[in-house]
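I have placed the structure first, in the form of structure tokens, so that the comments after it can refer back to it.
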Amino acid sequence: MASPDSSHDHYRHGIRENLHQFTHQLGQVFLVGLTIGMMRTVVPALAESEFGVAEGSFMMLTAFVVAFGFVKGTLNFVAGRLAERIGRKKVLLLGWLSAIPIPFMVLYAPSWGWIVAATVLLGINQGLCWSMTQTAKMDITRADERGFTMGMNEFSGYVGVALAGIVTGYLAMGLGPRLGLFVFGVAVIALAIVLTLTSIRETHGWAKAESARHASGNHDGPRARIFPGVPNAPTTGEMFALMSWRDRRMAAFSQAGLVEKFVDALVWVFYPVFLYQQGLGLGAIGWIVGIYGFVWGAPSSSPAGCRIISAASGPSSGACGSAAAAWP
């Protein structure tokens, strides 16, 4: 009689074993970084002169970042469950399809309200696509490689953010702000959709295989650790409570993320505006904002950074991954 997990025997976990797909997933998160990065230099710097924001209007200026953060956070929360139901690749494709109107909205925006609406779509794109590139790489790698995998995911994404800030600054100087962002955005989003359709594989099978091996006792790696008091098939509400306040370590991660994103929002909104008012050109602003993104992402791929991420997220990520695979 075949073993309970025999149908999953052909799934092999590991970066080396899945190098082709791992590389394509890194390329996808790089494109996700390019997409968000195109909105971080030119748009805030020219909010007053190009998009009609009143001088000194703090609330109007921050509205597009608040809208982005709220939508992205919500989509991050639901993307995992959605991926369990329809697959990682479909969620990734939905995220890219939601980004299609963004360059056109920037090109034809008659008011700042259109920019805010465009960042709502950007939040959908980021919430679905960034989450899925990370989830897919976790699916296909071994537990002892997931710290490095997380680091490379962040590094690739934030390098994209950095480069986009620099490139769009120069494109805006050469083609004009609206046309420069339009050309850049259309090229990136079109490439991402084509690569998603042609090069990205569905990785849900790897997650199911790992879950089956755990259930049958045949898994030879680190054992998943379910948090005390959490059922094997937790509901969305139970996972929200666990991550938000029930587990001190998870709550600390959430608090740290809140502080980091607050700082990131300040860089996104106020650095370009301040630097532009000081007389810097868009190219120079792009370099300053881009270097911030690169410095933020680079330590994540270092050996020390990977050890920290592995120590912090290794057992919990295995538990959450196994629980997610068991969700109906």
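The values are calculated or read from the model by the stated rules, or taken from the named source; none is laboratory data. Given the structure is predicted, the values throughout are model-derived calculations rather than measurements. Methodologically, a virtual Cβ is constructed for each residue, glycine included, from the backbone with ideal geometry; neighbour enumeration extends over all protein chains shown. Accessible surface is based on the protein model in full, side chains and every heavy atom, while ligands, DNA and RNA are left aside. Shrake-Rupley method; radii C 1.70, N 1.55, O 1.52, S 1.80 Å.
Brief remarks follow.
- Inside the stretch 85-104, residues that are over 20 Å from K261 (Cβ atoms), buried (at least 19 other Cβ atoms within 10 Å of the Cβ) and either over 15 Å from the mean Cα position of the chain (by Cα) or not hydrophobic (A, V, I, L, M, F, W, C) (or both) make up a count of 4.
- Residue in the stretch 182-191 that is among the hydrophobic types (A, V, I, L, M, F, W, C), in a loop (DSSP other than H, G, I, E, B), at pLDDT 90 or above and out of contact with any strand residue (DSSP E or B) (no Cβ under 9 Å at 6 or more places or on another chain) present: no
Residue-wise test of (1) under 18 Å from the mean Cα position of the chain (by Cα); (2) of a type in the set (S, T, Y); (3) open to solvent by less than 20 Å² (accessible area, probe 1.4 Å).
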site	(1), (2), (3)
P44	no, no, yes
A47	no, no, yes
V53	no, no, yes
A63	no, no, no
G69	yes, no, no
G73	yes, no, no
G80	yes, no, no
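- Pick from the stretch 213-248, criterion under 22 Å from the mean Cα position of the chain (by Cα) and either among the charged types (D, E, K, R) or surrounded by fewer than 13 Cβ atoms within 10 Å (Cβ to Cβ) (or both), ranking: modelled with the highest pLDDT: S244
- Considering V295, V267, the condition of being within 16 Å of V65 (Cβ to Cβ) and in a helix (DSSP H, G or I) is satisfied by V267 alone.
- Matching residues, the stretch 15-31, being closer than 23 Å to L163 by Cβ and without any contact (Cβ under 8 Å) to a residue 40 or more places away in the chain: T23
- Residue satisfying condition, being under 20 Å from D139 (Cα atoms) and within 21 Å of the chain's Cα centre (by Cα), within set L34, L26: L26
- Within the set V183, V161, V167, the sole residue that is buried (at least 23 other Cβ atoms within 10 Å of the Cβ), of a type outside the set (F, W, Y) and within 19 Å of G283 (Cα to Cα) turns out to be V161.
- No other residue among V78, V66 is of a type in the set (A, V, I, L, M) and within 24 Å of L163 (Cα to Cα) apart from V66.
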